[in-house]
Amino acid sequence: MLRSVVLGIALTLAVGLLGAYVLVESGYIPANADAEPSRLETWMAHTSLRATLKREAPKGPNPVAPSEENLLAGVRLFAQDCAFCHGDARGAAATPPIAKGFYQRPPQLATDGVEDDPEGYSFWKIEHGIRLTGMPSFRYALSDRQIWTLALFLKHMDKLPPAVQQAWQQVRSWPPAPVPASQANQN
Ligand code: HEC
């Protein structure tokens with residue numbers, strides 16, 4: 001009796017695994033980026049991210065003080081490393097074309113911001129990136145202080161002091177800065 005139950009379970013598992021393998025190999029699991037994510041995929045991605053952040057994100061305050069100078073540094077870093085995916089102060093009204101081609105789409109942060117998130121959460125996302133999305137880990141490109149400076153800017157994006165707001169409004173996410181003619185590719 002027990003043997004046939006165990007055999008039944010093993011057989012069901014084997015058929016399930018074989019089915020999954022055939023499905024993946026057949027090319028019926030979509031692999032394209034120019035589509036809307038399914039509800040199941042979105043749920044899985046968001047739930048695992050939320051749980052990871054709760055466990056791993058730094059809990060303390062931002063070591064970078066919210067001074068005008070530091071916020072300006074945040075605008076500059078964002079313009080250089082983030083705006084071509086996450087947009088500029090015009091938000092979703094001026095989504096950069098490259099951002100439209102992502103699966104999952106990068107949120108246009110001036111419209112769909114993260115001011116409500118703890119700064120430690122933003123720090124973690126910038127430091128480590130978000131798996132299976134286009135959000136890269138910046139740990140090899142930026143120092144911890146630069147990442148905290150970006151987390152500071154994201155936290156205050158909707159309530160910047162006037163001089164910083166002015167600098168932010170001048171950032172353009174697209175087109176990329178032109179290459180000087182002498183360096184342009186001639187092809
Ligand atoms: C190549 C495109 C790309 C670049 C460059 C990029 N990101 Fe992202 N980012 C994404 C994508 C795509 C997501 C959405 C991931 C998801 O849906 O979970 C994302 C998500 C995020 C989130 C989470 C937003 C939310 O609503 O929870 C934050 C914060 C963020 N990025 C900050 C940054 C910062 C700061 C930079 C620059 C240092 C940056 N990103 C650079 C593509 C990018």
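Under 7 Å by Cβ, and 6 or more places apart or on different chains, what pairs join a residue from the stretch 85-110 that is without any contact (Cβ under 8 Å) to a residue 12 or more places away in the chain with one that is near the ligand (Cβ under 10 Å from one of its atoms)?
Final answer for the pair search is ARG105/ALA99.
Suppose we filter SER143, SER122 for residues that are surrounded by 14 or more Cβ atoms within 10 Å (Cβ to Cβ), at pLDDT 95 or above and within 13 Å of the ligand (Cβ to nearest atom); which single one remains?
Details: SER143 fails: surrounded by 14 or more Cβ atoms within 10 Å (Cβ to Cβ).
Testing whether each residue is surrounded by 14 or more Cβ atoms within 10 Å (Cβ to Cβ), at pLDDT 95 or above and within 13 Å of the ligand (Cβ to nearest atom) leaves just SER122.
Quick check on the stretch 39-49. Is at least one of its residues exposed (fewer than 11 other Cβ atoms within 10 Å of the Cβ), of a type in the set (Ser, Thr, Tyr) and not in a loop (DSSP other than H, G, I, E, B)? So that I can check it myself, show each step before the final result.
Taking the stretch 39-49 and keeping what is exposed (fewer than 11 other Cβ atoms within 10 Å of the Cβ), we get 39-40, 47.
Now drop any that are not of a type in the set (Ser, Thr, Tyr), which leaves 47.
The next check asks that each one be not in a loop (DSSP other than H, G, I, E, B); those that pass are 47.
Within the stretch 39-49 (the criterion being exposed (fewer than 11 other Cβ atoms within 10 Å of the Cβ), of a type in the set (Ser, Thr, Tyr) and not in a loop (DSSP other than H, G, I, E, B)), the answer is yes, since at least one residue qualifies.
Say we look at the stretch 120-148 and pick out the residues that are part of a helix (DSSP H, G or I) and hydroxyl-bearing (Ser, Thr, Tyr); which of these is farthest from ALA89 (Cα to Cα)? If you could, list the steps in order and put the result at the bottom.
Of the residues in the stretch 120-148, the ones part of a helix (DSSP H, G or I) are 120-128, 144-148.
Next cut, hydroxyl-bearing (Ser, Thr, Tyr) only: 121-122.
On the way: TYR121: 22, SER122: 19 Å.
Result: TYR121.
Would you mention how many residues in the stretch 82-119 are in a helix (DSSP H, G or I) and near the ligand (Cβ under 9 Å from one of its atoms)?
The qualifying residues number 6.
So GLY74 ticks every box in (1) assigned to a loop (DSSP other than H, G, I, E, B); (2) touching a Leu at 6+ places or on another chain (Cβ under 7 Å) but one. Which box is left unticked?
For GLY74, the failing item is (1).
Only one of these conditions is not met by PRO136: (1) more than 7 Å from the ligand (Cβ to nearest atom); (2) surrounded by fewer than 15 Cβ atoms within 10 Å (Cβ to Cβ). Which number is it?
Looking at each condition in turn, PRO136 falls short on (1).
Sort out which residues of the stretch 45-68 are among the hydroxyl-bearing types (Ser, Thr, Tyr), farther than 23 Å from MET157 by Cα and more than 11 Å from the ligand (Cβ to nearest atom), and write them in order of number.
Keep residues of the stretch 45-68 that are among the hydroxyl-bearing types (Ser, Thr, Tyr), which gives 47-48, 52, 67.
Among the residues that remain, those that are also farther than 23 Å from MET157 by Cα are: 47-48, 52.
Hits for the stretch 45-68 are THR47, THR52.
What number of residues within the stretch 87-110 satisfy the criterion of being surrounded by 15 or more Cβ atoms within 10 Å (Cβ to Cβ) and β-branched (Val, Ile, Thr)?
1
The values are calculated or read from the model by the stated rules, or taken from the named source; none is laboratory data. What you see is a predicted model; the values in this text were computed from it and never measured. FYI the Cβ positions are ideal-geometry reconstructions off the backbone, even for glycines, and counts take in every protein chain you see.
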